[in-house]
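Worksheet: one structure, shown below.
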Amino acid sequence: MIKVEGLTKRYGRNVAVQGISFEVEKGQIVGFLGPNGAGKTTTMRILTCFMPPTQGTARVAGFDVLEAPMQVKQRIGYLPENPPVYPEMEVEEYLSFVGRLKGIPSAELAKRVDEVAERCSVADVRKKLIAKLSKGYRQRVGLAQAIIHNPDVLILDEPTAGLDPKQIHETRDLIRSLAGEHTIILSTHILPEVEQTCDHVVIITRGSIVATDSVQNLTSRLRGQEAVAVQVSGADEPVIRQRLEQVAGVSRVVARDTHNGLHSFEVESLPGKNVRAEVARAVVESGWNLSELRAVALSLEDVFLELTAAEKPSEGAKQ
Amino acid sequence: MNNVITICQKELKSYFASPIAYLLMAMFAIVFGFFFWNAVGYFVNVSFQSQAMGRSFPMDVNEMIIRPLLMNVSVIGLFLIPLISMRLFSEEKRSGTIELLLTSPLHDAEIIIGKWLAAVALYGCILLISGLNFFFLFAYGKPDWKPLVIGYLGLVLQAGALLAIGAFVSTLTRNQIIAGSVTFSICLLLWVFEWVAGYETSTWASVMGYMSVVRHFEPFSKGVMDTRDAVYFASMIFLGLFLTARSLESLRWRA
């Protein structure tokens with residue numbers, strides 16, 4: 001549905017996006033994840049034909065953004081970071097204005113406005129001025145605007161930014177419910193959002209893609225390298241550490257802290273090895289007390305931090 | 001074409017949903033009312049004098065009231081036009097709604113012409129107020145209506161030209177005050193350029209004189225429509241809208 005190849009955007013001497021390529025299948029929800037200023041908005045603005053790329057191509061539903069912008073625009077619904085609403089308009093008036101801009105025939109317009117107002121739960125404020133709406137309602141009006149012409153592709157720039165937790169939850173549910181009929185790209189710098197709403201994730205940092213994978217794969221990729229938190233008492237810390245390092249399958253042992261003779265360690269294992277049983281046996285056989293033993297799962301957050309860490313972005317990507 | 005109408009309607013609605021339209025109309029009504037009262041008072045005074053001197057032929061209402069008043073409206077327009085045009089694009093840029101317009105399946109030309117037409121239409125509404133004053137001249141006298149029609153045509157053409165320039169200026173900034181001030185300076189310059197042509201005969205002076213809005217409006221106020229003046233206004237409109245289109249396009253590249 002969306003195919004981006006070697007996309008580059010420069011502003012003067014600044015490079016906002018550097019040769020990124022990715023593909024999105026029909027019906028998928030893809031999360032653009034990256035710190036602020038990573039190039040997410042720029043990529044989205046190129047896909048929506050708001051600005052042209054400096055180099056590379058982007059195609060939406062087979063149409064090139066430079067060669068056939070009208071066809072692309074007809075197939076895209078776009079919610080910029082700030083909902084593009086006119087405060088002096090009433091919700092209903094605004095939605096039918098956008099509907100007409102998107103080329104909905106006037107016979108169907110009223111019906112479509114009803115449908116999207118219902119769908120995005122703004123039907124109760126349809127006669128209100130947008131200026132009087134809360135941020136959450138405005139965001140939903142923005143979403144209603146984006147789907148009014150039933151586009152193939154939805155592009156949402158930080159759809160939950162600035163909302164309260166309840167609104168965030170509702171917005172995510174709404175986005176999830178839109179998947180299937182629409183192909184969705186959303187950007188965010190909030191990790192749980194990607195884990196909860198997206199099928200695929202594209203991690204961008206400083207204008208380059210450092211990872212692109214399904215959310216499951218990406219989390220399990222590092223979950224294979226399990227870490228185990230262990231608390232042991234009964235000997236000195238270096239002695240215990242030495243013993244733990246000798247356990248088969250252990251790649252690294254990090255001493256955390258010591259409280260009342262209780263030494264905490266984090267034991268990292270080689271990929272695919274489960275060392276919990278071995279570690280327990282080693283401790284007990286040495287005659288020490290094992291106070292705690294638990295697996296520490298690496299969350300997407302750790303993956304994200306690892307991949308976007310300032311010192312080694314490219315090594316992280318190649319792992 | 002449908003898109004032009006959609007944009008134009010939306011612009012007109014925003015003018016009339018905010019106090020801007022009413023404020024401009026009120027300002028115009030007061031200022032023009034004063035000019036009208038002044039012109040009629042002067043006319044009455046001079047009529048009495050000439051009657052006292054024993055002349056019996058009627059004085060020319062067109063020449064003595066309508067024509068100077070049309071010139072006055074032309075000048076008042078220079079002040080009102082920046083206030084109309086300043087928000088056209090800068091407001092959309094500031095609020096981010098420009099992203100909606102530029103990512104909708106519309107041609108830039110449709111956006112620009114729609115907005116420009118709305119601005120011209122608002123100016124037309126303002127002009128209608130002066131029609132109310134002129135109505136009294138027709139109720140109590142018999143002036144010729146044709147020069148008045150030509151005069152209004154000239155006023156609309158003048159406004160079209162200056163609004164096109166104002167639209168261009170408002171694409172350059174997201175600040176309405178800046179857009180308004182710059183447009184006002186341009187309007188004022190296009191008005192006072194004429195003065196140079198009064199005493200200078202160099203090429204520059206004649207070029208500046210040619211660029212002056214007043215010089216090209218004056219024949220309209222007399223009820224004379226010269227093709228050269230119409231061409232001047234038409235080319236100013238075209239130039240302004242063309243620059244707006246270029247600027248909007250460059251916005252995409254710079255953004």
To the nearest 0.05, the calculated FRET efficiency linking A:Q216 and A:S21 through their beta-carbon distance, R0 being 25 Å, is 0.70
For B:W37 paired with B:S250, estimate the spin-label separation in nm (one decimal), with each label point 7 Å from Cα along the Cα-to-Cβ line. 4.7 nm
With θ set to phi - 60°, apply the Karplus curve 6.51 cos²θ - 1.76 cosθ + 1.60 along the range A:41-51 and write out the HN-Hα couplings as whole Hz, x wherever there is a Gly or Pro. 5, 4, 4, 5, 5, 6, 4, 8, 6, 6, 9
Under a Gaussian network model of chain B whose springs join Cα atoms within less than 10 Å, the largest fluctuation of B:S181, B:S221, B:S170 belongs to B:S181
Of B:C8, B:C125, how do they rank once you tally other Cβ atoms within 10 Å and put the fewest first? B:C125, B:C8
Inter-label distance, nm, simple model (7 Å from Cα along the C-beta direction), A:A68/A:E181: 2.4 nm
Considering amide H positions built from the backbone, and no H for Pro or chain starts, which residues 5 or more places from A:L66, or on another chain, come under 5 Å of its amide H? A:A58
Can you give the angle from 0 to 90° between the axis of helix B:108-140 and the longest principal axis of chain B, with both taken from C-alpha atoms, to the nearest 10? 20 degrees
Per DSSP, loop GluC sites (Glu not before Pro) in the range A:1-52 with at most 13 further Cβ within 10 Å: A:E25
Can you pull the mean other chain C-beta count within 10 Å for peptide A:84-90? 6
Other chains' Cβ within 10 Å of B:88-97 residues: what's the mean? 2
Based on Cβ point charges of +1 for Lys and Arg and -1 for Asp and Glu, what charge dipole magnitude is obtained for the range A:226-297 about its Cα centre, in debye rounded to the nearest 20? 140 debye
How large is the Kirkwood hydrodynamic radius of the range A:47-184, in angstrom, based on all distinct alpha carbon pairs? 15.4 Å
Counting sequence-distant residues (5 or more places) and residues on other chains, those with an amide H built under 5 Å from that of A:R252 are A:E268
Straight-distance crosslink candidates among aspartates and glutamates, where the alpha carbon sits under 17 Å from A:K273 and sequence neighbours closer than 8 are dropped: A:E226, A:E245
Among B:L128, B:L243, what is the fewest-to-most ranking by other Cβ atoms within 10 Å? B:L128, B:L243
May I ask you to evaluate 6.51 cos²θ - 1.76 cosθ + 1.60, the Karplus curve with θ = phi - 60°, for each residue of the range B:192-197 and list the ³J(HN,Hα) values in order in whole Hz, giving x for glycine and proline? 7, 3, 4, 4, 4, 5
Taking the Cβ-Cβ separation of B:D144 and B:A52 as r and a Förster radius of 22 Å, what is the calculated FRET efficiency to the nearest 0.05? 0.25
Mean other chain Cβ within 10 Å across B:100-113 is 6
Where is the GNM fluctuation largest for chain A (alpha-carbon springs, 10 angstrom cutoff): A:S96, A:S291, A:S106? A:S291
By how many degrees, 0 to 90 and rounded to 10, does the Cα axis of helix B:2-17 deviate from the longest principal axis of chain B? 70 degrees
Arrange B:Y123, B:Y22, B:Y232, B:Y210 by Cβ neighbour counts within 10 Å, fewest through most, would you? B:Y22, B:Y210, B:Y232, B:Y123
Phi-based couplings in Hz for the range A:61-68 (Karplus 6.51, -1.76, 1.60; Gly and Pro marked x): 6, x, 9, 7, 5, 8, 7, 10
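A short reminder: the numbers here are calculations on the coordinates, not readings from a lab. Since we're looking at a predicted model, the values are computed, not measured. Cβ atoms come from the backbone with ideal geometry, glycine included; neighbour counts cover every protein chain shown.
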